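First up is the structure itself, then whatever we jot down about it.
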Amino acid sequence: MRRNPSYSPRPSVAEPRRELLLAVRSFVRGARACPGVLRIALVGSLVTSKAIPKDADVLVTIDATMDLGELARAGRRLKGSAQTINLGADIFLADVTGRYLGRICHYRECHPRVACRAQHCGRREHLNDDLHVITLSKQLIAAPPLDLWPSVIRRLTVSADVEALLLTELERVQ
């Protein structure tokens, strides 16, 4: 008898939340230094107490005209850290007006690829404007569950590991 394949994440470590939270902390350290980054927030299942989140979802509010190169490098490091434990990461982008722009492209260099889902690939370097695939609501952009930088703002009760591994460190530095 054949079973249906499971589509739940299968991390390669016993405590994937710890690894993802440490990777997000490292991302925040690098991304906050990028000129044009105005806010960094954590959204998605990593904010909850879900034992095995499939990825780390970070929302970055930017100056709409900023060069995304340095932020894309930090994003690729976050994605790479998550991939080493068989999980993922997404860096969502919004502008100061609360408009969703898309995600940081996971490719280092822009050139036509079959797997690219950007609607306007190459129009803006490092921007994957796959708005037909995923978009964030204005409400989520305006009030994400957890702001990480420039100040920590909790809009819900966070789990102990988020508090200990991420917020305590970020608040101390701020």
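A few comments on the model shown:
- Of residues in the stretch 141-174 being closer than 18 Å to residue 37 by Cα and in contact with a helix residue (DSSP H, G or I) (Cβ under 7 Å, 6 or more places away or on another chain), the one surrounded by the most Cβ atoms within 10 Å (Cβ to Cβ): 148
- Subset of the stretch 65-79 (residues that are polar (S, T, N, Q) and farther than 19 Å from residue 96 by Cβ): none
- Flag if residue 68 is closer than 16 Å to residue 32 by Cβ and more than 13 Å from the chain's Cα centre (by Cα): yes
- The residue that is nearest to residue 146 (Cα to Cα), counting only those in the stretch 15-41 that are among the small types (Gly, Ala, Ser) and surrounded by 19 or more Cβ atoms within 10 Å (Cβ to Cβ), is 41.
- Every residue from the stretch 76-87 that is over 14 Å from residue 28 (Cβ atoms) and either crowded, with 17+ Cβ neighbours inside 10 Å or in contact with a Gly (Cβ under 6 Å, 6 or more places away or on another chain) (or both): 76, 79, 82, 85, 87
- Subset of the stretch 88-100 [surrounded by fewer than 21 Cβ atoms within 10 Å (Cβ to Cβ), assigned to a strand (DSSP E or B) and at pLDDT 90 or above]: 88, 90, 95
- Selection count where residues are under 18 Å from residue 92 (Cβ atoms) and either touching a Cys at 6+ places or on another chain (Cβ under 7 Å) or not in a helix (DSSP H, G or I) (or both), scope the stretch 17-58: 21
- Taken as a whole, the structure leaves residue 45 outside the set of residues that are at pLDDT below 95 and open to solvent by 50 Å² or more (accessible area, probe 1.4 Å).
- Filter result (within 16 Å of residue 13 (Cβ to Cβ) and in contact (Cβ under 8 Å) with a residue 12 or more places away in the chain) within the stretch 79-92: 81, 82, 84, 85, 86, 87, 88, 89
- Selection count, the stretch 56-75, where residues are more than 20 Å from residue 142 (Cβ to Cβ) and crowded, with 18+ Cβ neighbours inside 10 Å: 6
- Filtered residues of the stretch 31-65 (kept if under 12 Å from the mean Cα position of the chain (by Cα) and among the aliphatic types (A, V, I, L, M)): 31, 40, 41, 42, 43, 46, 47, 56, 58, 59, 60
The values are calculated or read from the model by the stated rules, or taken from the named source; none is laboratory data. All of these numbers come straight from a predicted model, not from anything done at the bench. Glycine gets a Cβ as well: all are built from the backbone with ideal geometry, and neighbour counts include every protein chain shown. All accessible areas refer to the heavy atoms of the entire protein, side chains included, with ligands and DNA or RNA removed. Shrake-Rupley method; radii C 1.70, N 1.55, O 1.52, S 1.80 Å.
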